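Heads up, the thing below is written out as structure tokens.
The values are calculated or read from the model by the stated rules, or taken from the named source; none is laboratory data. These figures come from a predicted structure and were not determined experimentally. Virtual Cβ from ideal backbone geometry, glycine too; neighbours counted across all protein chains shown. When the accessible area is computed, the model is the full protein with side chains, heavy atoms only, and any ligands, DNA or RNA have been set aside. Shrake-Rupley method; radii C 1.70, N 1.55, O 1.52, S 1.80 Å.
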Amino acid sequence: MNPSRLFILRPVATSLVMMAILIAGILAYRLLPVASLPQVDYPTIQVRTLYPGAGPDVMLSNVTAPLEDELGEISGLEDMRSTSTGGASVITLRFGLDTDLGVAEQGVQAAINQADNLLPDDLPMPPSYSKVNPADAPVMTLAVRSDSLPLTRVYDLVDTRMIPKLAQVSGVGLVSLAGGHQPAVRVRVNPRALASRGLDLEAVREAIASANVNQAKGSINGPYRALSIDANDQLTSADEYRQLILKSNDDGAVVRLQDVARVTNGSENALVGRMGQSRQGSHRQYSASAWRQCHQRGQCHQADAAESGAVGAGQYRYPGLDRSHHNHSCLGP
């Protein structure tokens with residue numbers, strides 16, 4: 001039996017059925033859900049460069065500009081935006097939708113290598129890049145606190161242990177760390193003690209820089225085997241910095257860093273503020289120096305020193321502060 005014969009012998013019914021299908025299709029098309037913001041994976045790569053101690057002008061001229069000159073020659077690049085702040089440079093590259101992200105990554109890496117000889121020689125680490133989607137927002141924010149560890153130690157544990165584990169979770173695109181106190185060794189030089197020993201700040205800077213060079217040490221060659229000398233002479237604690245020799249006299253006496261400076265373990269930026277959620281409720285934390293500034297202005301807030309850890313709402317742990325001010329607040333720096 002021919003299936004078409006049934007419709008050929010009944011032209012009126014066939015026409016009505018086709019009109020019904022056409023009207024149903026038009027109504028269904030108007031009811032289809034349309035996303036105002038469709039899920040589009042934009043090929044976007046972000047290049048970050050850290051240069052602690054440099055101002056925005058230095059970052060723009062010495063870091064951002066050389067990188068932009070090389071990154072701008074990548075094929076398929078549609079938009080490039082950069083932000084230069086104190087000690088950091090962020091360049092966002094957006095490629096066309098038809099550009100393969102793997103090919104774009106190779107172009108970014110080649111451009112970074114090409115610009116290496118134009119960047120400052122004392123960069124702590126080379127520029128790094130990561131795939132990002134500007135349309136994505138963080139789906140989870142974690143606040144880490146400790147009642148027993150200093151904030152610098154908490155920051156180091158999160159940076160070296162927690163973030164690598166979170167980045168390995170399936171479906172995680174990017175893990176970023178914000179806030180906290182990055183550990184550092186702070187050297188406060190006494191100018192009078194330095195001048196009395198015939199030294200200046202440049203001599204201190206050169207001694208510290210030369211003592212933190214991690215480079216090849218050489219090799220030992222024998223008749224049957226060759227061994228490479230592996231030694232890391234970088235200083236990691238304040239005690240090691242204190243014993244650093246700045247000058248040797250003819251009589252055998254030496255001038256160490258502890259003789260002309262006060263060396264302590266601290267944070268890279270002592271004026272950074274933190275906000276978090278404690279077990280008792282919401283509260284704001286600042287460094288001890290920021291607390292003193294507000295206290296001198298008569299505007300106090302919950303104090304938090306790097307050595308005392310996090311505290312709850314309406315409480316603080318800093319010796320010598322008047323507890324009668326714990327209900328006041330100020331914005332701070």
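Some observations on this one:
- Exactly one residue out of G218, G179 is closer than 30 Å to D121 by Cβ and at pLDDT below 85, and it is G218.
- Against the numbered list (1) within 15 Å of N265 (Cα to Cα); (2) in contact (Cβ under 8 Å) with a residue 24 or more places away in the chain, D239 comes up short only at (2).
- Only listed residue being in contact with a Lys or Arg (Cβ under 6 Å, 6 or more places away or on another chain) and within 28 Å of D156 (Cβ to Cβ), chosen from R242, R205, R188, R256: R188
- Test: residue in region 190-207 that is modelled with pLDDT under 85 and either under 28 Å from G87 (Cβ atoms) or open to solvent by less than 50 Å² (accessible area, probe 1.4 Å) (or both): no
- Candidates D69, D121, filtered to the one that is of a type in the set (D, E), modelled with pLDDT of 90 or more and open to solvent by 70 Å² or more (accessible area, probe 1.4 Å): D69
- Scanning region 138-171 for residues that are of a type outside the set (A, V, I, L, M) and surrounded by fewer than 14 Cβ atoms within 10 Å (Cβ to Cβ) yields P138, T141, S146, D147, S148, T160, R161, P164, K165, Q168, S170, G171.
- Residue match in region 86-97 (condition: without any contact (Cβ under 8 Å) to a residue 12 or more places away in the chain and either over 30 Å from N269 (Cα atoms) or of a type in the set (S, T, N, Q) (or both)): no
- Within region 140-163, residues that are in contact (Cβ under 8 Å) with a residue 40 or more places away in the chain sit with their Cβ atoms under 6 Å from residues that are hydrophobic (A, V, I, L, M, F, W, C) and not in a loop (DSSP other than H, G, I, E, B), at 6+ positions apart or across chains, in these pairs: S146/V154.
- Among the residues of region 29-66, just one is at pLDDT below 90, among the small types (G, A, S) and surrounded by 14 or more Cβ atoms within 10 Å (Cβ to Cβ), namely A54.
- Flag if P127 is modelled with pLDDT under 90, open to solvent by less than 50 Å² (accessible area, probe 1.4 Å) and touching a helix residue (DSSP H, G or I) at 6+ places or on another chain (Cβ under 6 Å): no
- Pairs with Cβ under 7 Å, 6+ apart, first in region 5-26 and of a type in the set (V, I, T), second open to solvent by 100 Å² or more (accessible area, probe 1.4 Å) and assigned to a helix (DSSP H, G or I): T14/F7
- Of all residues in region 241-265 being open to solvent by less than 70 Å² (accessible area, probe 1.4 Å) and at pLDDT below 80, the one that is nearest to A209 (Cα to Cα): N249
- Looking only at region 73-105, residues that are more than 25 Å from A184 (Cα to Cα), loosely packed, with under 13 Cβ neighbours inside 10 Å and either at pLDDT 90 or above or among the hydroxyl-bearing types (S, T, Y) (or both) come to 2 in all.
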